[in-house]
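Attaching a single structure in structure tokens format; questions to follow.
The values are calculated or read from the model by the stated rules, or taken from the named source; none is laboratory data. Because the structure is a prediction, the values reported are computed rather than measured. Cβ coordinates were reconstructed from backbone atoms using ideal geometry, including for glycine residues, and neighbour counts include every protein chain displayed. To get the accessible areas, we keep the full protein, side chains included, count just its heavy atoms, and leave off ligands, DNA and RNA. Shrake-Rupley method; radii C 1.70, N 1.55, O 1.52, S 1.80 Å.
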Amino acid sequence: MKASICDRIMTLVLVRANSGAAGNANAGGDLNAEYITLKFFGEDERETHFRLKYETRMGNVKKFYANRIGVPVASLRFLHYGYIIDDEDTPRNLE
């Protein structure tokens, strides 16, 4: 029996932005945050956090997450507000 294309669906929440200088708002005066924390909720109610740059491709995050939990990358789908996230998407264009 062939497995379904998508065995696991992860819901993504953009949590908060972090400045590149360890949260110090006065360091360098940069108003644009360099990092963002992403929160993933799995079907099994497991919650996972990732801290990454705004320009990181979600395909890379998907590969890392699949490796972490020991499942094939093809079995994962990331959703954000009900929309499927493509591998080429970044946190910046999901906002």
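Between Arg46 and Asp86, what's the calculated FRET efficiency when r is the beta-carbon distance and R0 is 30 Å? Round to 0.05.
Step by step, r from the Cβ atoms, then E = 0.85.
I would also like to ask the following. Just add up the charged neighbours of Asn93: K/R +1, D/E -1, any other residue whose Cβ is under 15 Å from the Cβ of Asn93.
Net local charge, Asn93 excluded: -3.
Taking the simple approach of a point 7 Å from Cα along Cα-to-Cβ for both Lys39 and Glu55, what is their distance in nm?
So the two model labels end up 2.8 nm from each other.
Accessible area, 1.4 Å probe, largest first: how do His49, His80 sort?
Result, largest first: His49, His80.
Next question. Measuring from label point to label point, each 7 Å out along Cα→Cβ, what is the Asn93 to Asn67 span in nm?
Taking the two extended label points, one gets 2.4 nm.
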